[in-house]
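The values are calculated or read from the model by the stated rules, or taken from the named source; none is laboratory data. Just so you know, these numbers come straight off a predicted model, no measurement behind them. Cβ: placed from backbone, ideal geometry, glycine included. Neighbour counts: every protein chain shown. Areas reflect the complete protein model, heavy atoms only, side chains present, ligands, DNA and RNA absent. Shrake-Rupley method; radii C 1.70, N 1.55, O 1.52, S 1.80 Å.
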Amino acid sequence: MDKDEPIPENKFPSENPTKNGTHTCGQICVYAATTMTLMFRSHLFTVVVFGPYARLIRWDCRGSIVTRRFNYTCGKKKDTQQSLILFKFYQRFAQLTDEQRGLDPNITCLDSDKDPRVAKAKKQF
C-alpha cells in the first residue's frame, strides 16, 4: 500500500471509515439508486476510480458486490495483471446483451401509432 492512502478496516476492506470515505460511499450509493430508479434496470455495473485505483461494483435491488481495489494504471511489472482488469471488464461488458447489462426486458416504449391512448396523451402534453 502507498504511504498516503487510507488503510481500510479488516472487517469491511472496501470501506474507508473516515468522514470523507463515508461521504463518498453515500454519494456512490445515491448515484446507483438514482440510475436504477430512472432507467428501469434489474442491475447496474459501476466503475469507481480514485487516483490510480479502481473498484468494480454490481448493484441490484438487494445490495451491491464490490471488488477489491486494483491499480488500473500501468505501473510496476508485478502490477501488469491488475492494470488489465479494467480493460478485460470493458472487453467482456461490450459482448453482453442489453439484458445481461441490466436493462429490464419487461419495459417497452409506447407507440402512438399502435395505441390511441398514447397519441392522445402526447397531444395533451
Scanning region 40-60 for residues that are over 13 Å from the mean Cα position of the chain (by Cα) and either open to solvent by 40 Å² or more (accessible area, probe 1.4 Å) or charged (D, E, K, R) (or both) gives 40, 50, 51, 52
Filter region 81-125 for residues that are part of a loop (DSSP other than H, G, I, E, B), hydrophobic (A, V, I, L, M, F, W, C) and touching a Phe, Trp or Tyr at 6+ places or on another chain (Cβ under 6 Å) and give the result. 107
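Kindly provide the set of residues from region 26-65 that are part of a strand (DSSP E or B) and more than 18 Å from residue 100 (Cα to Cα), ordered by number. So that I can check it myself, show each step before the final result.
As a first pass, look at region 26-65 and keep what is part of a strand (DSSP E or B): 41, 43-50, 53-60, 63-65.
Within region 26-65, 48, 49, 50, 53, 54, 55 qualify.
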